[in-house]
Each structure stands twice: as C-alpha cells, then as structure tokens.
Amino acid sequence: EPAPDADTLRTRVLDSLTTARERTTLLTSCVEDPDLTAQHSPLMSPLVWDLAHIGNQEELWLLRAVAGREAMRPEIDGLYDAFEHSRAERPTLPLLPPAEARRYAAEVRGRVLDMLESADFHGTRLTEAGFAFGMIAQHEQQHDETMLITHQLRTGPPALTAPDPDPAPLSTGPAEVLVPGGPFTMGATGEPWALDNELPAHRREVAPFRIDTTPVTNGAYQAFIEDGGYDQERWWTKEGWAHIRGHGIHAPLFWRRDGGQWLRRRFGTTEAVPPEEPVVHVCWYEADAYARWAGRRLPTEAEWEKAARFDPATGGSTRYPWGDADPGPEHANLGQRHLRPAPAGSYPAGESPLGVRQLIGDVWEWTSSDFLPYPGFRAFPYKEYSEVFFGPEYKVLRGGSFAVDPVACRGTFRNWDYPIRRQIFSGFRTARSESV
Ligand code: AVJ
Ligand code: FE
C-alpha cells in the first residue's frame with residue numbers, strides 16, 4: 001500500500017479529531033453543570049476534569065511538542081496531569097468550571113486546526129504520518145469511553161440514548177473453533193497510529209487451542225451463578241476468592257436479583273438481564289472463575305491476537321478479523337452507536353477466517369496475560385502511556401467495547417486494568433488447549 005499523501009492524511013486527522021470532539025461534546029452536554037463537577041464514583045474523575053484534561057493533552061502534544069508553542073495556561077498543567085492527583089482527589093482541586101473548561105478545549109482545538117493546514121507529516125517520529133494527531137484523537141476517544149463509564153456509574157434519570165443493536169442472528173455457528181498451532185506475527189506493522197505498547201511486531205509461537213466463537217453470554221454466566229459459582233472456593237484463585245468474599249460480590253456489577261429474575265441498571269434505566277447478550281462488568285477474577293467452572297480457561301493475549309489476526313490461507317496477520325478494511329457498522333459494534341453489546345453471534349461480516357465472531361467491539365475481553373512489553377519495546381512518546389504500567393499487577397484486555405471508537409481499536413490494540421476492576425465494559429470468552 002502506498003503511503004497516503006499529505007491531503008489524505010490531513011483529512012484523516014480532521015475526521016478523527018472532529019468525531020472525537022462530537023462525542024466529547026455529547027457526553028459533557030447531556031447533563032447539567034452539577035453533574036459535570038460532581039464525582040459519581042471515587043473510581044472516576046468528575047466529567048469536567050476529563051474535558052479539560054483532553055484539551056490539556058492536546059495542547060501539550062500538538063501545540064507545544066509538535067508546533068513549539070508556549071503554554072497557554074501553564075498554571076493548570078498540574079491539575080490535569082493524571083499522575084499528580086488520584087481520581088479520588090480530583091474533585092477537591094480548583095478545576096476549571098464547565099464553561100471555562102469548554103472554552104479552553106475549544107481554544108486549543110481552534111489553534112490545532114489552524115496549524116493542521118500547514119502541518120508537516122514527515123521529519124520526526126512524532127509527526128510521521130500524523131502520529132501525534134492520531135495519538136491525540138485516540139486519547140480523546142479513550143477518555144470518551146472513560147466518560148461513558150462515569151455516565152453508567154451515575155445515578156438519576158437517563159441522559160443518553162441510542163438505538164439497540166439488531167436482534168440475535170438465527171445461526172451462530174459452532175461454540176468453539178480450533179486455531180492451529182505454529183508461529184504468527186503479533187504486534188503492529190504498517191499501522192502508523194499504533195501506540196508504543198503494540199510494537200515492535202514479532203513472531204510468536206502459539207500451541208494449538210480452541211476458542212469460543214462468541215463472548216460468554218449473560219445466560220451462560222447466570223448458569224454459573226445459579227450453580228453456586230460464587231459460593232465455591234474451588235473455582236477461584238486465592239486472591240479472587242478473598243476479593244469477592246471481602247466485598248460481598250455475588251454477580252456482575254449493576255446486577256440485582258428481584259424475586260426469580262435478574263435485573264440490571266444500564267444508563268439510568270433498569271431492565272431484565274438479556275440472556276443472549278455478552279456479559280459485561282465482570283472483573284478478571286470472575287472471568288477466570290467462570291472459565292474454570294466451565295472446564296476451560298481464559299485465552300492468553302497471544303492466543304487472542306492469533307484468533308483475531310491469523311489468516312490460515314496466507315499465514316499472515318491482518319489488521320482485523322475480517323481483513324484489512326477499516327471497521328464499518330457491518331463488522332463490529334463500536335463507537336457508542338449502541339449503548340450495549342450486541343447479542344452473541346452478531347456481525348457475521350466481522351468474523352475471522354476461522355469463524356470467530358465479535359472479537360472487535362461489544363465488550364473488552366479479559367485475557368490471562370499480565371501487561372508486559374514486547375521484546376524490543378521502546379517507550380514513545382512518553383513513559384506514562386504504557387511503560388510505567390508494565391508488570392504483573394495489570395491484566396490485558398483486548399478487542400474494544402461498544403464504547404470504543406474505531407480510531408482506538410485494532411487487532412493489535414492493548415488495554416489493561418487491575419484484576420478487580422469491573423466498572424469498565426469488560427467481558428470475556430474462554431479457550432482450552434488442544435492436546436497434541
Ligand atoms: C489505556 C485505558 C488504560 O484510561 O488509563 C488515557 C488510556 N492514558 N489517558 C487509561 C489513557 C492516558 C488508559 N488505558
Ligand atoms: Fe488521559
């Protein structure tokens with residue numbers, strides 16, 4: 001594929017930044033100011049913090065680092081540095097009030113669009129193929145997912161609505177498929193906006209394994225609950241058991257039993273748990289315990305990526321399960337088009353050559369792997385994006401959720417979180433080793 005010319009890149013940058021800002025604007029204008037400055041959960045920042053932080057990161061990387069401009073408001077940098085103040089303490093800071101935060105983010109954006117007119121897409125690694133712009137569009141979209149999580153944690157009447165995905169397809173194929181053993185290329189190649197932790201691409205040996213063709217559904221997860229899964233220590237790791245016992249966890253976050261049925265709260269409404277939908281809001285410990293109960297295990301990160309990218313016809317790795325085309329609405333549930341995962345078995349056009357569906361979109365999928373650097377990793381452009389998080393305390397999630405924009409979703413994209421986290425849009429699928 002030839003390298004895109006400057007006008008093509010400029011259009012791509014403009015589209016990505018504009019799409020992100022439309023989403024940010026919706027998420028920060030659908031509630032009144034008190035809901036922007038309030039802290040809806042100690043796990044989350046006030047929405048108004050995310051808003052100004054989005055603007056501040058854009059100023060830091062595009063106006064200061066790329067264009068060499070002076071700081072617009074140097075006194076606010078510390079307030080919006082994610083490493084200076086924990087989420088829990090952010091509401092006590094002298095944050096910009098909503099109108100000022102909006103004005104600041106808009107002012108930064110105006111200057112960025114001016115400088116984009118004459119932007120150089122070569123020269124340094126930061127500017128090559130518009131990387132810094134792509135990184136900032138991805139950053140804003142990641143915070144748009146974070147803000148959607150805050151909306152889900154918020155109590156009160158609904159502020160956001162979206163059409164539901166299509167109902168479940170009639171045929172969903174086999175429950176699992178065999179992925180052949182052998183090496184494959186893991187990590188990004190020819191992906192100019194790939195982030196540092198997706199690099200460098202390298203060969204990875206993977207033994208043959210079987211993997212679920214869809215994420216685990218609410219119905220299947222309910223069977224684990226009804227079978228006493230949360231009361232039997234044998235399904236849990238030592239840490240997992242201590243955690244669910246210590247915190248009185250009996251079901252996914254937002255679930256509540258009402259007589260004989262399970263209800264769940266979702267963006268301000270309460271509904272019966274839909275059995276055919278992928279389970280969401282489970283922590284790694286719950287995913288791991290379910291898999292053990294089912295006589296299976298979580299896939300490793302390498303297994304997940306091989307299932308998502310390996311093309312047995314060519315032996316190569318594609319960008320997405322369906323090939324190299326950018327994600328469209330026929331491929332995957334992405335971009336907050338819907339505010340829920342689609343039923344298991346949806347998006348046949350998005351399946352992998354081996355017949356695995358919904359690897360991209362719907363729910364983030366927990367893997368068994370710790371978040372570690374690939375061999376030859378180099379932090380770029382800053383250590384605080386990935387490097388400071390490498391180690392055994394974080395588990396890798398793959399594939400993106402319904403809340404993730406296509407710009408921040410690829411077969412190589414890596415997310416990570418603590419194994420106790422479940423306010424995120426996290427689900428999973430299971431795997432098992434193929435005896436040879
Ligand atoms: C990659 C989702 C773990 O939200 O903490 C946002 C993304 N990094 N701003 C996060 C991120 C800096 C990050 N995750
Ligand atoms: Fe951030």
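The values are calculated or read from the model by the stated rules, or taken from the named source; none is laboratory data. Just so it is clear, the model here is predicted, and its values are computed rather than measured. Every residue, glycine among them, receives a Cβ derived from its backbone with ideal geometry; neighbour counts consider all protein chains shown.
At-a-glance table
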{"item": "Options P94, P42: the member that is over 30 Å from G123 (Cβ atoms), under 21 Å from the mean Cα position of the chain (by Cα) and exposed (fewer than 15 other Cβ atoms within 10 Å of the Cβ)", "result": "P42"}
{"item": "T189 vs. criteria more than 16 Å from ligand 1 (Cβ to nearest atom), in a loop (DSSP other than H, G, I, E, B), closer than 27 Å to G391 by Cα and out of contact with any Gly (no Cβ under 9 Å at 6 or more places or on another chain)", "result": "yes"}
{"item": "Matching residues in segment 406-423 - criterion: being among the aliphatic types (A, V, I, L, M) and in contact with a strand residue (DSSP E or B) (Cβ under 6 Å, 6 or more places away or on another chain)", "result": "none"}
{"item": "Selection within segment 367-387 - assigned to a loop (DSSP other than H, G, I, E, B), among the charged types (D, E, K, R) and under 20 Å from Q142 (Cβ atoms)", "result": "K383, E384"}
{"item": "Sole exception among (1) at pLDDT below 95; (2) within 23 Å of the chain's Cα centre (by Cα) for G156, by number", "result": "(2)"}
{"item": "Test: residue in segment 121-132 that is within 16 Å of ligand 2 (Cβ to nearest atom) and at pLDDT 95 or above", "result": "yes"}
{"item": "Looking only at segment 33-45, and only at residues there that are assigned to a helix (DSSP H, G or I) and farther than 11 Å from T150 by Cβ, the one that is nearest to ligand 1 (Cβ to nearest atom)", "result": "T37"}
{"item": "F131 vs. criteria assigned to a loop (DSSP other than H, G, I, E, B) and not small (G, A, S)", "result": "no"}
{"item": "Filter result for P74 (at pLDDT 95 or above and farther than 24 Å from D196 by Cα)", "result": "yes"}
{"item": "Cβ pairs under 6 Å, 6+ apart, first in segment 137-150 and within 11 Å of T19 (Cβ to Cβ) and in contact (Cβ under 8 Å) with a residue 12 or more places away in the chain, second within 8 Å of ligand 2 (Cβ to nearest atom) and in a helix (DSSP H, G or I)", "result": "E140/I54"}
{"item": "Odd one out for R357, checked against (1) within 16 Å of ligand 2 (Cβ to nearest atom); (2) in contact with a helix residue (DSSP H, G or I) (Cβ under 7 Å, 6 or more places away or on another chain)", "result": "(1)"}
{"item": "Subset of segment 48-89 (residues that are buried (at least 21 other Cβ atoms within 10 Å of the Cβ), more than 28 Å from S118 (Cβ to Cβ) and away from ligand 2 (no atom under 12 Å from the Cβ))", "result": "V48"}
{"item": "Output for segment 127-153, where each listed residue is buried (at least 21 other Cβ atoms within 10 Å of the Cβ), more than 10 Å from ligand 1 (Cβ to nearest atom) and of a type in the set (D, E, K, R)", "result": "D144"}
{"item": "Total residues in segment 1-15, condition touching a residue at least 24 places away in the same chain (Cβ under 8 Å), assigned to a helix (DSSP H, G or I) and more than 24 Å from the chain's Cα centre (by Cα)", "result": "3"}
{"item": "Residue match in segment 305-316 (condition: within 19 Å of the chain's Cα centre (by Cα) and assigned to a loop (DSSP other than H, G, I, E, B))", "result": "no"}
{"item": "Criterion (in contact with a strand residue (DSSP E or B) (Cβ under 7 Å, 6 or more places away or on another chain), in a loop (DSSP other than H, G, I, E, B) and away from ligand 1 (no atom under 11 Å from the Cβ)) met by exactly one of L359, L354, L334", "result": "L354"}
{"item": "Only listed residue being of a type in the set (G, A, S), in a helix (DSSP H, G or I) and surrounded by fewer than 19 Cβ atoms within 10 Å (Cβ to Cβ), chosen from G110, G156", "result": "G110"}
{"item": "Any hit, segment 16-32, residues being within 14 Å of ligand 1 (Cβ to nearest atom), among the aliphatic types (A, V, I, L, M), in a helix (DSSP H, G or I) and in contact (Cβ under 8 Å) with a residue 40 or more places away in the chain", "result": "yes"}
{"item": "Qualifying residue in segment 20-33 (condition: out of contact with any Leu (no Cβ under 9 Å at 6 or more places or on another chain), within 16 Å of ligand 2 (Cβ to nearest atom) and among the small types (G, A, S))", "result": "yes"}
{"item": "Output for segment 341-376, where each listed residue is touching a residue at least 40 places away in the same chain (Cβ under 8 Å) and aliphatic (A, V, I, L, M)", "result": "A342, A344, L354, V356, L359, I360, V363"}
{"item": "Segment 381-422 - residue that is farther than 21 Å from A302 by Cα and more than 16 Å from ligand 2 (Cβ to nearest atom) and, of those, nearest to the chain's Cα centre (by Cα)", "result": "F402"}
{"item": "Some residue of segment 46-60 being of a type outside the set (S, T, N, Q) and assigned to a loop (DSSP other than H, G, I, E, B)", "result": "yes"}
{"item": "Of the criteria (1) of a type in the set (D, E, K, R); (2) within 19 Å of K306 (Cα to Cα); (3) surrounded by fewer than 24 Cβ atoms within 10 Å (Cβ to Cβ), which one R357 fails", "result": "(3)"}
{"item": "Residue list for segment 66-107, filter: within 16 Å of ligand 1 (Cβ to nearest atom), part of a helix (DSSP H, G or I) and in contact (Cβ under 8 Å) with a residue 40 or more places away in the chain", "result": "R87, A88, R90, A105"}
